[in-house]
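Q: Can you read through this structure? Questions will come right after.
The values are calculated or read from the model by the stated rules, or taken from the named source; none is laboratory data. Note that the structure is a prediction, hence the values are computed from the model and not measured. Note that each Cβ is placed from the backbone with ideal geometry, even for glycine, and that neighbours are counted across all protein chains shown. Side chains are part of the model used for accessible areas, which takes the heavy atoms of the whole protein and leaves out ligands, DNA and RNA. Shrake-Rupley method; radii C 1.70, N 1.55, O 1.52, S 1.80 Å.
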Amino acid sequence: MLTVGSADTAVVPPAERFGYWHDLVARESVPMRIHSAHAADFRARAEVISLGEVVLSTWRYPSLDMQRTGTFIRRSDPEMYQFALPLSGRGGLEQERRANHFTPGNFAIVDTSRPHQSTHQGRSHQEGILTTRTILVPHGLLPVHPNRISRLLGTSISATEGIGVLLNQFVHQVMGHPEQYQERDIPLLGTVVRDLISAMVAQQLDLTDTLPTEVRGHNLRMLAKAFIDEHLADPDLSPGAVAAAHHVSLRSLHRAFETEDQTVAEIIRRKRLDRCARDLRDPLLRGRPIHSIAARWGFRSQAHFSRVFTATFGMSPQAFRDDPGARP
């Protein structure tokens, strides 16, 4: 599994916890000036996963204010962009004379090489511990000129729509289930995060067409797969529908999937069959007719469904339902 670095202020005496947190932030992120009303007994923890040059972190802490000044930058300047997604609380962020809200559902963007400040508070007294997920990525890793990215500093990008959703979901998956990945996956995982951030930033700046071909192709595949998952139940879902939804030609869509083991049509069919197989095994759906399950996942014809299911799993849908030893 992936190596997860973790730290908890509970390992030191209460009087030393705030200083311990200062050192942790400086080591795993960048040095900051931190103030908190909870400094006397600062209970906080962090988990960090390094994906090569890209670093993912989850931070849990009480309300605080942070400031990165020119003095700190001169002492240590790793030249990174930080994409921070608060999962709770509320606050504010300021950089490059732009002030914005720091709220769940939005990635806040800062450049660690420029002064900035932020605050993060609970929405009520009951919300004692706040959570933020961050992504650190080197300036040089993003194929968008820094002068253009600077237009986004101190602003936010939605994590609930567009490519921001994919980035949010992917980082959540990696941080939440590191056991599902191996150390050999690190280069690929880091590339996925970089490409998603690049596409998200380029989309925000209306520069998508300027991204390298491989980055655009990778992101089109991820967007297409997410769209397929969301629309499996639609009987009109097809490669043409996927291409139209993403404003690309069918030829461009197929070209993007040339490196995949399956075509777009095969991905749609296999995902539908897997969902049907899952439902056929669900005890709560035992009384549901097979044709209804097939229709639920976009198969218009029961005969066609039975034929492709049998060809894929080696037995009919009814035999699969009746045989507890069969596996998809």
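Q: If each Cα of the chain is one equal point scatterer, what is log10 of I(q)/I(0) from the Debye formula at q = 0.08, 0.13 Å⁻¹?
A: The Debye formula, applied to the Cα set alone, gives -0.49, -1.01.
Q: What percent does the relative contact order of the chain come to when contacts are Cα pairs within less than 8 Å and at least six residues apart?
A: Values: 539 pairs, mean separation 42.2, N = 328.
In percent, rounded to a whole number, it is 13.
Q: With labels modelled as points extended 7 Å from the Cα through the Cβ direction, what inter-label distance (nm, one decimal) is found for residue 1 paired with residue 238?
A: A separation of 4.5 nm, rounded to one decimal place.
Q: Two decimals is fine: what is log10 I(q)/I(0) at q = 0.21, 0.23 Å⁻¹ for the stretch 1-126, from a Debye sum with one equal scatterer on every Cα and no solvent?
A: Rounded to two decimals, the profile gives -1.47, -1.65.
Q: For residue 249 and residue 26 in the same chain, what is the full-extension length gain: residue separation times 0.36 nm, less their Cα-Cα distance, in nm? Write out the running numbers ahead of the final one.
A: Values: separation 223, 0.36 × 223 = 80.28 nm, distance 4.73 nm.
Result for the pair: 75.5 nm of gain on full extension.
Q: Which distance in Å, rounded to a whole number, links the C-alpha centroids of the stretch 63-107 and the stretch 143-195?
A: With the stretch 63-107 and the stretch 143-195 each reduced to a Cα centre, they are spaced 17 Å.
Q: What are the DSSP H helices in the chain that stretch 15 Å or more along their long axis, judged by alpha-carbon atoms, and whose average Kyte-Doolittle hydropathy comes to at least 0.0?
A: Values: long enough: 17-28 (16 Å, -0.77); 162-176 (22 Å, 0.97); 186-204 (27 Å, 1.05); 213-230 (26 Å, -0.37); 264-280 (24 Å, -0.59); 302-313 (16 Å, 0.23).
TM-like helix candidates: 162-176, 186-204, 302-313.
Q: Need one number: the % of Cα-Cα pairs in the stretch 112-256 sitting beyond the 23 Å mark.
A: Tail of P(r) above 23 Å: 47 percent of Cα pairs.
Q: When the Karplus curve 6.51 cos²θ - 1.76 cosθ + 1.60 is applied with θ = phi - 60°, which whole-Hz ³J(HN,Hα) does each residue of the stretch 147-156 get, with x for Gly and Pro?
A: In residue order, the calculated couplings are 4, 7, 4, 4, 5, 9, 4, x, 10, 9 Hz.
Q: In terms of solvent-accessible area of protein heavy atoms at a 1.4 angstrom probe, what is the ranking of 232, 141, highest value first? The partial results should precede the final answer.
A: Working: 232 0, 141 40 Å².
Largest accessible area first, the list is 141, 232.
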